[in-house]
Amino acid sequence: MALALRALRPVRPRLAVGWPRVARRCFSDDDDPVPNHTKVSPRYFDFKAFRKSLKEKKESLSEAELREVRREYALPPPQGWTVLSFLERMKFGDGAEDVANLFENWKDFISMSPKDIMRIPDIAADQRRKLDRYITLFNHGLWPRVSEDEFQERFGGARLENEGKPWTPEEDERLLQLARPGEEGGYDVNFGDPWIYLSWELQRREEDVRQRYVELAVKPRERATRHEFAITKAARPLNMSRRFRMIPADLYIVPSEENFPLAQRTFRLPAAFTKYRKEDIF
């Protein structure tokens, strides 16, 4: 049976010696072989190209949405100003009229992003940077210059309810309560920077709240405590290099004795260290 099946198997014809070998079919008449990746279109899903195109699509949609938001909330131009007036005031240089003619209205111009500025043709790099800078300053209300009163009105912020008012005993008690540790219902003035929270709770400026706490809690505590203060000759700097002949003096900030009273000198050196002590140093 096996011999019968083997006999039925087709036999591949062998090429005679010297016969020309048939080349593989290519989509080119040139003698140079065509690269493998150009012969047949890929039959797999190019996930990398898909992610790239999807990212570009999302970025374009997001940029278009942001552009509409900037146009909607764009600041109006100063009285009598046009796009050309803006470019002339900022000293744009050559080509100001051509750039102004590219925009139909003021909102299209003042809502440009850095990417939009890069698409403006036939302008120099320094003109692009200057245009981006002045558009940003204008949108933040920092250009053109305004009077000091108008500047304070723009950026002064809302005044706190108790700002500038004298302190009352109820507010002092409230301040000491808020300054307690967290387990006692306070903000713990000994941990981190809680003054911004105390400022909002008391409707006063941070510096005002901090100074009031110092007067109420810190000064009485320090006045009731004795402090030690000593400066030894070992603090004198050593001149380790001859290149620097002038060495700045040390600066010691000593609190006033009124708020930080000094303790009596009761220094006693242990007997084991007596032989190492030098009277001219300490």
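The values are calculated or read from the model by the stated rules, or taken from the named source; none is laboratory data. Because the structure is a prediction, the values reported are computed rather than measured. So basically every Cβ, Gly included, is an ideal-geometry build from the backbone, and we count neighbours across all protein chains shown.
Structural remarks
- Candidates 106, 143 - the one that is under 15 Å from residue 74 (Cα atoms) and more than 29 Å from the chain's Cα centre (by Cα): 106
- All of (1) assigned by TED's automatic domain parsing to the domain that holds residue 131; (2) at pLDDT below 95 hold for residue 86 with one exception: (2).
- Residue check: residue 258 meets all listed conditions (1) modelled with pLDDT of 80 or more; (2) within 41 Å of the chain's Cα centre (by Cα) but one, namely (2).
- Given (1) modelled with pLDDT under 90; (2) assigned by TED's automatic domain parsing to the domain that holds residue 177, number of the condition residue 189 does not satisfy: (1)
- Leading residue by the ranking (farthest from residue 214 (Cα to Cα)) among those in the stretch 227-255 that are surrounded by 10 or more Cβ atoms within 10 Å (Cβ to Cβ) and either modelled with pLDDT of 70 or more or of a type in the set (D, E, K, R) (or both): 236
- The set of residues from the stretch 195-235 being more than 17 Å from residue 171 (Cα to Cα) and either assigned to a loop (DSSP other than H, G, I, E, B) or touching a Leu at 6+ places or on another chain (Cβ under 8 Å) (or both) comprises 224, 225, 226, 227, 228, 229, 230, 231, 232.
- The set of residues from the stretch 39-80 being out of contact with any helix residue (DSSP H, G or I) (no Cβ under 8 Å at 6 or more places or on another chain) and among the hydrophobic types (A, V, I, L, M, F, W, C) comprises 40, 45, 47, 49, 50, 54, 61, 64, 66, 69.
- Candidate set from the stretch 109-133 (those that are within 21 Å of the chain's Cα centre (by Cα) and touching a residue at least 40 places away in the same chain (Cβ under 8 Å)); member that is nearest to residue 60 (Cα to Cα): 115
- Scan of the stretch 109-163 for residues that are exposed (fewer than 10 other Cβ atoms within 10 Å of the Cβ), part of a helix (DSSP H, G or I) and among the charged types (D, E, K, R), ordered by number: 126, 148, 149
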